[in-house]
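See below for the structure under consideration.
The values are calculated or read from the model by the stated rules, or taken from the named source; none is laboratory data. Treat the numbers as computed from the prediction; the structure is a model and nothing was measured. So basically every Cβ, Gly included, is an ideal-geometry build from the backbone, and we count neighbours across all protein chains shown.
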Amino acid sequence: MNKRILLAEDDSNLGMLLKDYLTAKGYRTTLFPDGRSALEGFKSDTFDMCILDIMMPIMDGLFLAKEIRRCEPNIPLIFLTAKSQKEDVVEGFRTGADDYITKPFSMEELLYRIEAILRRSTRPEGQKKDDIYRLGEYSFDNRKQVLVYQDQTMKLTTKESELLELLCQHKNEVLERNYALRNIWIDDNYFNARSMDVYITRLRKYLKEDPTVKIQNVHGRGYRLIC
């Protein structure tokens, strides 16, 4: 395995507990006590995933996530949040976060979420998938996670790419909301549903140049990509 995880957590007891647990499970985990040191560590090393506490001194997890996204747009991000931080979770998804977990949580749950995200973001060698989808005047390369319109190239995050790929696979059909949530976010709960709404809004902005391409809301069911 040997995947590398950046862990930013200002609670030293919880941080060491998480670090020791993830290390025991085969993840090379580096712990940082605040956002600033985590950002410096991220810039000076290579990681496969980041786990960020939202409330941290010096630099909070939300700002840290935005800075990490500037350096590496596609690295998986998980937020650690308190139950009272609902709006922070939604804002976190706007930064491109892949998941969140609410304190207190079980180590097994965190491990499950880490494994699920890494499975989705790492394609096994030899796996065959359609690489190019045509959407009106757009070309979508799901392997490279880029959307091209004429001379414009837009780099998509992993979540954006996964959601657009599902829509493409169900083109001109209804993509059931709960199916998409379980397929991409694992759980169809409130926060993940809000997150998907954010990503649908982003995709609509990316696709706005061609009026023949639309993502429609299908009331009570989900979405339909028309092109």
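Worth a mention:
- Test result for T81, out of contact with any Cys (no Cβ under 9 Å at 6 or more places or on another chain), within 27 Å of Y190 (Cβ to Cβ) and β-branched (V, I, T): yes
- Residue ID - farthest from the chain's Cα centre (by Cα), chosen from residues in segment 169-181 that are crowded, with 18+ Cβ neighbours inside 10 Å and over 17 Å from A116 (Cα atoms): L175
- Test: G61 is among the small types (G, A, S), under 26 Å from R182 (Cα atoms) and touching a Gly at 6+ places or on another chain (Cβ under 7 Å): yes
- Condition met for N189 (over 14 Å from the mean Cα position of the chain (by Cα), at negative phi and exposed (fewer than 15 other Cβ atoms within 10 Å of the Cβ)): yes
- Only one of the listed residues (F42, F47, F32) is within 24 Å of E162 (Cα to Cα), touching a Leu at 6+ places or on another chain (Cβ under 8 Å) and aromatic (F, W, Y). That residue is F47.
- Extreme residue, modelled with the highest pLDDT, among residues of segment 116-132 that are in a loop (DSSP other than H, G, I, E, B) and under 16 Å from the mean Cα position of the chain (by Cα): T122
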